Each structure stands twice: as C-alpha cells, then as structure tokens.
Amino acid sequence: MLELKNINAGYDFLQVLWDVSFRVDEGELVALIGPNGAGKSTTLRTIAGLIKLKSGEILFNEKVINDKPTHLISQMGISYVSEKLNLFTGMSVRENLILGAYAIRDKEVQLETLAYIFELFPRLEERKDQLAGTMSGGERKMLAIARGMMSKPQLMLVDEPSLGLQPNLTQDVFSALIQLRERGVTVLLVEQNVNATLSFSDRAYVLEQGKIVMEGPSKEIKANKHVRNAYLGI
Amino acid sequence: MAKNSSARPLMSRIKDNLPIVVISIFSLILFVAIYIEGGNAQIFNTIITGGMWALLAVGLALVFGVMNIPHFAHGESFMIGAYVAYFTFTPMQEYLYTNPNKFLSAIAPLGAILTAGVAGAILGIIIEQLIFAPLRRRTKKDWIMNAFLLTVGISFVLSNGANLVLGPNFRGISRYWDVKAVEIGGAYMSVDRLIAFAISMVTIGALWFFLRRTRVGRAIRAVSQDETGAQLVGINLNFIQTLTFSLATAMASISGASLLFLFQAYPTVGGTPLYYAWYVVMMAGLGNVVGAIIGGFIVALLQTATQLFVAVSWTTVLPTVVMILVLLIAPSGIFGSEVKGVQEQ
C-alpha cells in the first residue's frame, strides 16, 4: 500500500534520512521505533508531504505521491496525526472533527462518521462544544486521532500518541489504534513506548541515525538482543 | 461569606478583562456626552461612521489573521472601488436623466456598488496570485516584514498609476439617490448615508455567516488557527489565501463605492480610510475579526467626540493618542489577538 524507496530527506542543509526504504501492506499495523533524533517523525512528515525529498520515491497504491502537496496527499487517503497535534485550538471539538472530514462533501457521510467517532470516543461527545485548546493533554490526543479518522483514511500515520500521557490514557489510545486495524485501516505508528508497541504491532522497523537498521515481525524484533539491550533495558 | 464568594469571581473577571471594562465604560461616557451635546443627529453620525470603519477594519483583520500580511494597500482597494463606482454610475445617471425611470434610479447605485465589489474581488485575486503567492513559494522567512514592504509598494504603484491614467482630479457625485433626507428621531439623515450603513452591516453579516456556517468559511478560520493542521485535513492553503485576500479587497472596494458621495474618487483617497482602519485593528487586536467590528464603532465614537468637544482639526489626533495609550496598557489590543504567526516568527 505504501512504499518508500531510498528516501533522502531533511531540513535545509541538515540531512536526516539516509536511503530509507520500507513498505506497509494493507491491513497491517507497522511500528517504526528508534531513539530520539533518529528521524522517525521526519519520516512521517516526509510521507505527509510537509518535507520535500532530496531523492527517492514514495508510492501510495502504486502511485507516486512525493511530488504532491500536503492537502492532496491527505485527500488521497493518508491521514497524519502529528506529534504537535495541530488542532484548531479556537474551535469546538465538533468543529475540529467536521473539519477533519473537509474532503468529504457529503453531509450525511460526515454525520455518520461523526456518530461512529463519538461511539468510539464517548469522552469527545461529552465535550463536543468545548474549545479544543481548553482540553487536557489526553483528550487533545484523542481528538487529534479522531480528527484524523474523520476523513475515512486508508492509511493513518500516527506520531508518538503516548507522549506525555498517563498510563491508563496511553492504554486507551493504544486500544483505539488496535480497533482501527480491526476496522481495516492500515496504521504506521511511531512510538517511544517500545515494549507495548512491539506487543500489538504486526511488523516493525528500527530506525537509528536516519537509517533502517533492522526489520521484521514484531515478535522477532522484540526478541532481538540489540533491541532488548537498547530499548527495553532487559 | 456567601456574599464574598459571589463578589470574588466578578472582581477577578473584571481584573482579567481590564482593558475591555475600561474601554466600555469610557465609550459609554463618550456616548452619553455626545447624546447630551449633539442629540440624535450626532449619535446616528457616530453609528454610521462606525459601520464604515468596521467594514474596512474587518478586511484588514482577516488578511492579517489568515495570511499574516499587514496590509497597507487596503486604502487603494477603497480608491479602486470609488473609481469603478464613479465610472459605472455616471453613464447610468446620464441615461436616466434623459429617460427617467423610478425603478432603475433606485437600482442603479446598487449596481454600481456591486460592480465595484466584483472588481475588487478580481483585483484581490490578481494581486495575491502575482505577488504574495510567488513570495510564499519562495520563502516564509521574515514573512511579515516582506509582506508589509510589498503592500506599501502596491499602494504606491496603484495610487500613482491612478494619477498617471486618470489624473489628480476629484471625480465625484453629490448623491446616489435623488430623494429627500429621512427624519429619524428629530435628526435628518440622507438616504445615501443610511444605505451606506446598511450595506456595511449586510456585508459584515454575510461575512460572519460565511465564516461561521459554511465549509469554506470554516476552512478560512482553520488556516488562521493552524496552517499545518489545515493542510493535513486536506485544505488547499493556496486557494484559501487567495480567497481571503480577494474577500478583503472586495470589502474595501464596496466601502469605497458606497461612500463615493462623501469621499469622491481621486488617487490618494484611500489614505484616510486606511489609517482609520489601522487605528481600529491595532486598538482592537491584530487579526481579531470580532474586535475589528466593535473597534470600528469605538473609533467613530472618539472621532465624533473630538469634533464636538475639541475641534475638527483634532479628529485624527485624539484617536491616535487613545490608541497609543491602549497599546501601552494592553500591547495585544483591547480584545487581544490569537494570530499564530506573530508569536511564532
């Protein structure tokens, strides 16, 4: 579904990603793990079209997308939930969600998706008239994921959903992601919480210093000696 | 004890919104003073002037809020609107002079004002696509400063261009509607003024509805709050920015056209309206659309009060002094500004 071929990318003169290649197949939940500054977020930002490539190719459903602007990539079915969340803080929860479905012009489909989202995150329904900027960190994160789902994406890129959350909220966010996969949405997840991520993802890639150093089914990665030493501390 | 707990939130609420409270009380005092000294006529005068400034300032606030452009060519949109209305209205007027027709005489001015609005919208698209879109693609660095300098340049080019093509002559009309002034509460108001006020209110109302209730309007607000977030949900940034600029230019053109009988059309006519619109947005809070509407009326109140109690020649001085005082106490304006770009850059 998504394929990165020899991606080189970065900010101005600072190159972050070196020859990164990987693929995500339909229906998978793939984890991208690695230490701080390895380029995990940069990878997602590059796929979303927020950073221009130096060289390489990104394919989505066999089509080249790396020459397209962000809004078209989003309309093609890739939803990026950024680390900063990028919520519309001066608008209500409901308005944020409706804007998530900006590319869907059919009002009825919009409202159906909204009802489904409220079923999935009852907390958001309770707060639908509250301004997004006045919500707690966990609620904001949920709102960002929910907004990303409103466009009925085929692929979701989720950046550090557990960052700064207390453990029981982290659990909620993870179970939301697992539910997403059960509904047939493909997910590419960047996470710091390596242990938990590797226990529910299908496959994983390890990114270090801008290069893919390891790949395989999550179980195998979890059993790997290097990963156990460096990330799991066992 | 109970009395204390109910009094405390009120006091702290006043403290949080001190600039708003002070300016409301100040405005109320001015309003009463104007009423006592000048009666209904001056009150109506204030409200009508306030409507004009509000319409102009809303455009400025929108452009600054969504695109982070401190727009100093807004007065030239006003000028273009005045010219377009003049050149469409006078031929119609001549025709109606020889072929009197009551219905057409009532409609013709509205047609001229509408034409000016459309011309303004097109001008806005051209300026945005020709100047700001290329700059945006090239670099976002020092955006506010670059954009500011560009708008000043556009202002020079347009007003001197008008001078070159049309000459420095004043072109104007004495009135749009050839009917008697209307009496309201003992004060006589010309129909032109009343309709100019109605047009500004209807335009602001339409904009309000557009921003709050429509899909694209919501997208404009989304861009003003988070550009990246807006792109991520599939909003075309380029389209929204061109649209916003076009809307603002159209609004300035409409106000230039509907006030043709008051200002006339000449190359530098945009100066005064531009400065008043800037007083309004600086005082109310840059990029704050609601603040701009209320601010328009506050500035009008200050103007009328100066004319009544000080002297006509001080009309621009006192609003400026008040603006400076406001900025000294509340640097982001009375109603504050939530523009993302200013803090980030």
So, in region A:129-144, exactly how many residues are over 15 Å from A:SER74 (Cβ atoms), crowded, with 23+ Cβ neighbours inside 10 Å and modelled with pLDDT of 90 or more? 2
One residue from A:PRO161, A:PRO153 being modelled with pLDDT of 90 or more, touching a strand residue (DSSP E or B) at 6+ places or on another chain (Cβ under 8 Å) and either over 21 Å from A:LEU44 (Cα atoms) or assigned to a loop (DSSP other than H, G, I, E, B) (or both): A:PRO153
When region A:94-126 is examined, which residues are found to be crowded, with 20+ Cβ neighbours inside 10 Å, of a type outside the set (S, T, N, Q) and over 19 Å from B:VAL223 (Cβ atoms)? A:LEU114, A:ILE117, A:PHE121, A:LEU124
Residues of region B:180-220 being within 15 Å of B:ALA252 (Cα to Cα) and either within 14 Å of chain A (Cβ to nearest Cβ) or touching a Gly at 6+ places or on another chain (Cβ under 7 Å) (or both), which ones? B:PHE197, B:SER200, B:MET201
I'd like the full set of residues that are within 14 Å of chain B (Cβ to nearest Cβ) and of a type in the set (Phe, Trp, Tyr), limited to region A:6-21. A:TYR11
I need a count of the residues in region B:223-252 that are within 12 Å of chain A (Cβ to nearest Cβ) and either assigned to a helix (DSSP H, G or I) or basic (Lys, Arg) (or both). 13
A careful count of residues in region A:32-63 that are surrounded by fewer than 22 Cβ atoms within 10 Å (Cβ to Cβ) and within 21 Å of A:PHE174 (Cα to Cα) gives 3
With criteria (1) surrounded by fewer than 23 Cβ atoms within 10 Å (Cβ to Cβ); (2) without any contact (Cβ under 8 Å) to a residue 60 or more places away in the chain, B:MET283 comes up short on (1)
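Yes or no, residue by residue, for (1) out of contact with any helix residue (DSSP H, G or I) (no Cβ under 9 Å at 6 or more places or on another chain); (2) over 21 Å from B:LEU55 (Cβ atoms); (3) open to solvent by 50 Å² or more (accessible area, probe 1.4 Å):
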position	(1), (2), (3)
B:MET145	yes, yes, yes
B:GLY167	yes, yes, no
B:SER174	no, yes, yes
B:GLY186	no, yes, yes
B:ALA198	no, no, no
B:ALA206 versus (1) exposed (fewer than 14 other Cβ atoms within 10 Å of the Cβ); (2) in contact (Cβ under 8 Å) with a residue 12 or more places away in the chain; (3) in a helix (DSSP H, G or I); (4) small (Gly, Ala, Ser): which is the lone unmet condition? (2)
When region B:144-201 is checked residue by residue, the ones that are touching a residue at least 24 places away in the same chain (Cβ under 8 Å), β-branched (Val, Ile, Thr) and not in a loop (DSSP other than H, G, I, E, B) are B:ILE144, B:THR151, B:VAL152, B:ILE154, B:ILE184, B:ILE195, B:ILE199
B:VAL179 over 21 Å from B:MET52 (Cα atoms) and not aromatic (Phe, Trp, Tyr): yes
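Can you tell me which of B:ALA121, B:ALA133 is surrounded by 14 or more Cβ atoms within 10 Å (Cβ to Cβ) and either under 12 Å from B:THR249 (Cα atoms) or among the basic types (Lys, Arg) (or both)?
On inspection, the qualifying residue turns out to be B:ALA121.
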Suppose the filter is among the small types (Gly, Ala, Ser) and in contact with a strand residue (DSSP E or B) (Cβ under 7 Å, 6 or more places away or on another chain); does B:ALA277 pass it? no
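Condition check ((1) under 25 Å from A:GLN75 (Cα atoms); (2) open to solvent by less than 60 Å² (accessible area, probe 1.4 Å)) across all residues:
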{"residue": "A:GLU160", "(1), (2)": "yes, yes"}
{"residue": "A:GLN192", "(1), (2)": "no, no"}
{"residue": "A:TYR205", "(1), (2)": "no, yes"}
{"residue": "A:GLU220", "(1), (2)": "no, no"}
Filter region B:23-42 down to the residues that are touching a residue at least 24 places away in the same chain (Cβ under 8 Å) and under 14 Å from B:PHE309 (Cα atoms) and list them by number. B:LEU30, B:PHE31, B:ALA33, B:ILE34, B:GLU37, B:GLY38, B:GLY39, B:GLN42
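The values are calculated or read from the model by the stated rules, or taken from the named source; none is laboratory data. The structure presented is a predicted model; accordingly, all values stated were derived computationally and were not measured. Reconstructed Cβ throughout: ideal geometry from the backbone, glycine too, with neighbour counts over all protein chains shown. These area figures cover heavy atoms from the full protein model, side chains too; ligands, DNA and RNA do not enter into them. Shrake-Rupley method; radii C 1.70, N 1.55, O 1.52, S 1.80 Å.
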